[in-house]
Amino acid sequence: LPTDQSRIDTVRTNGDDIDYESRLTGSLNQPRWYGTNVLMPDGSVMVFSGGNRDGVVVPGLEGPIRTAERFDPETATWTEMATGIRPRTYHNTAILLPDGRVMVGGHSPINTAYLRFVDLQDFGLAPYDGRDPSFEIYTPPYAMRNDRPQILSAPDTLMPGDAFTIRVDQAESIDKILLMRRTVMTHAVDSDQRAIELPVQHRNGNNLRLKMPETSSVVPAGKYMLFVSKNTAEG
């Protein structure tokens, strides 16, 4: 059966000391199996696609869940967002794009009852007439604003502990800078996902002085995308 449970696990380290905490948050609006979660550059988390039954235990008998949900870490609640056009259950995928939108795709179910494809869409179930190679683009509300800040310049390469400067228009309104690790999706899970907030050390006109985390355990080597967020108090 699917679950609507959601939780936050927190790990704090201090040398060799490790402190772990887990707590439940507000529930999902729709219980789901095999939804794909995406960290967003505004600090939220989105979940896309999935089914209302386990497509491995009972392949062919799950109904699709097409409505995406957004988790707000400040309120610990989930909100229903846009509804996808196509049903996507097992082997669905979603990845963050450099412009802040999300590409949603996939759907490759196991043969019905592990025997052969039997399509039961007329009964409200997911399509089982083969694989779906199509894609859709989800545009979050922030990507539709006409006053989005723009990064004018930033370094191409950085190391842990580096201090560096970026140039941004509307720099006085920037309240959050995030490094988003490039997606490495494998079998409905991106275990390498991470969003790293970079504190502002100094502001000077359009220049923001930032500091990278000190250790590679926080910021492993690899490709990242840099996003800046405008203070929402200004609209």
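The values are calculated or read from the model by the stated rules, or taken from the named source; none is laboratory data. Quick caveat, the model's predicted, so the values are computed rather than measured. All Cβ positions, glycine included, derive from the backbone under ideal geometry; neighbour counts span all protein chains shown. Quick note on the areas: whole protein, heavy atoms, side chains included, nothing else; ligands and nucleic acids left out. Shrake-Rupley method; radii C 1.70, N 1.55, O 1.52, S 1.80 Å.
Overview of values
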quantity	calculated
Search result, residues across region 116-158 that are under 22 Å from the mean Cα position of the chain (by Cα) and of a type in the set (K, R)	R145, R148
Yes/no for G26 being assigned to a loop (DSSP other than H, G, I, E, B), within 20 Å of the chain's Cα centre (by Cα) and in contact (Cβ under 8 Å) with a residue 60 or more places away in the chain	no
Single residue of region 122-144 satisfying the filter (of a type in the set (D, E, K, R) and surrounded by 11 or more Cβ atoms within 10 Å (Cβ to Cβ)) that is farthest from S44 (Cα to Cα)	D129
Every pair of residues 6+ apart whose Cβ atoms lie under 6 Å, when the first sits in region 150-169 and is free of Cβ contacts under 8 Å to residues at least 24 places away in the same chain while the second is in a strand (DSSP E or B) and surrounded by 12 or more Cβ atoms within 10 Å (Cβ to Cβ)	S153/R167; P155/F164
Conditions (1) out of contact with any strand residue (DSSP E or B) (no Cβ under 6 Å at 6 or more places or on another chain); (2) farther than 27 Å from G51 by Cβ; (3) surrounded by 12 or more Cβ atoms within 10 Å (Cβ to Cβ): number failed by T157	(3)
Residue selected from region 221-235 under the condition in contact with a Lys or Arg (Cβ under 9 Å, 6 or more places away or on another chain) and modelled with pLDDT of 90 or more, by the criterion most open to solvent (accessible area, probe 1.4 Å)	K223
Filtered residues of region 3-44 (kept if under 29 Å from L125 (Cβ atoms) and surrounded by 19 or more Cβ atoms within 10 Å (Cβ to Cβ))	L28, R32, W33, Y34, G35, T36, V38
Residues within region 92-116 that are modelled with pLDDT of 90 or more and not small (G, A, S), tallied	12
Matching entry among A171, A195 (being under 15 Å from M225 (Cβ atoms) and small (G, A, S))	A195
Strands (runs of 3 or more DSSP E) wholly inside region 171-220 containing at least 3 residues that are open to solvent by less than 50 Å² (accessible area, probe 1.4 Å) and within 24 Å of L96 (Cβ to Cβ)	174-181
Options G43, G15, G60; residue that is on the phi > 0 side of the Ramachandran plot and free of Cβ contacts under 8 Å to residues at least 40 places away in the same chain	G15
Answer from R53, R70 - the residue that is among the basic types (K, R) and more than 30 Å from I174 (Cα to Cα)	R53
